[in-house]
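Have a look at the structure below before the remarks.
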Amino acid sequence: DLSTLTSTGDPEGEVVEEYDPPSMAELRERLDGLRGEVDLKIPAASAVKIGGERAYKLHRAGVAVEMPTRRTTVHELELVGYEEPLARLVMRLSSGGYVRAVAEALGGHCVSLRRTHVGPFDVTDADPDGRPSIHSSRPIPRETRRSPARLAASARVLAFVKPCACVGPPTTSK
């Protein structure tokens with residue numbers, strides 16, 4: 001939504017600013033300025049630590065914090081639809097990049113998000129029922145072959161991906 005900035009970069013946050021959405025020409029100009037390496041402000045509702053505390057915890061407690069910026073590479077940023085004030089984008093960011101930060105840099109907030117690719121995993125490999133599969137139509141990518149101790153950290157991703165190693169039931173740790 002390119003007519004409203006929120007405190008969290010998504011619909012859950014408080015509205016901090018409202019204005020007229022940009023024209024198509026203005027939006028294209030903003031998009032052009034966000035491709036490549038850019039410094040983007042980290043959203044307040046993120047897991048980044050500020051003074052030893054998670055930013056989202058500080059935000060929820062009502063503590064105002066000046067959030068730092070992070071160098072992010074925007075590998076892909078394409079406009080696939082625009083019906084004021086809503087823009088539909090396809091983007092690919094470097095590790096550690098925030099979609100909400102891109103939305104804020106465009107002058108709005110992220111209404112919805114669908115990840116279609118994370119690391120070596122692609123949504124086309126996902127099981128629509130959310131069940132892990134021990135049967136694979138292709139080899140397991142080398143970067144996903146991990147020790148059992150590291151598998152627990154990846155279990156949420158592995159639980160929704162068809163090409164999955166036969167390692168027993170997925171576990172999660174908090």
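Key figures
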{"quantity": "Elements of type strands (runs of 3 or more DSSP E) in the range 1-108, at least 1 residues being open to solvent by less than 80 Å² (accessible area, probe 1.4 Å), out of contact with any Phe, Trp or Tyr (no Cβ under 8 Å at 6 or more places or on another chain) and without any contact (Cβ under 8 Å) to a residue 12 or more places away in the chain", "calculated": "69-83"}
{"quantity": "Unique residue being within 25 Å of Glu29 (Cα to Cα) and at pLDDT 60 or above when the list is Val123, Val102, Val118", "calculated": "Val102"}
{"quantity": "Among residues of the range 109-124, those that are among the hydroxyl-bearing types (Ser, Thr, Tyr) and either out of contact with any helix residue (DSSP H, G or I) (no Cβ under 6 Å at 6 or more places or on another chain) or outside any loop (DSSP other than H, G, I, E, B) (or both), counted", "calculated": "2"}
{"quantity": "Search result, residues across the range 1-10 that are under 20 Å from the mean Cα position of the chain (by Cα), modelled with pLDDT of 90 or more and not β-branched (Val, Ile, Thr)", "calculated": "Asp1, Leu2, Leu5"}
{"quantity": "Subset of the range 35-55 that is in contact with a strand residue (DSSP E or B) (Cβ under 7 Å, 6 or more places away or on another chain) and acidic (Asp, Glu) - its residue that is farthest from Ala101 (Cα to Cα)", "calculated": "Glu37"}
{"quantity": "Only one of Ser173, Ser137 that is at pLDDT 50 or above, in a loop (DSSP other than H, G, I, E, B) and polar (S, T, N, Q)", "calculated": "Ser137"}
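The values are calculated or read from the model by the stated rules, or taken from the named source; none is laboratory data. On a predicted model such as this, the values are computed, not experimentally measured, just so you know. Positions of Cβ are generated from backbone atoms using ideal geometry, with glycine treated the same way; all protein chains shown enter the neighbour counts. Areas reflect the complete protein model, heavy atoms only, side chains present, ligands, DNA and RNA absent. Shrake-Rupley method; radii C 1.70, N 1.55, O 1.52, S 1.80 Å.
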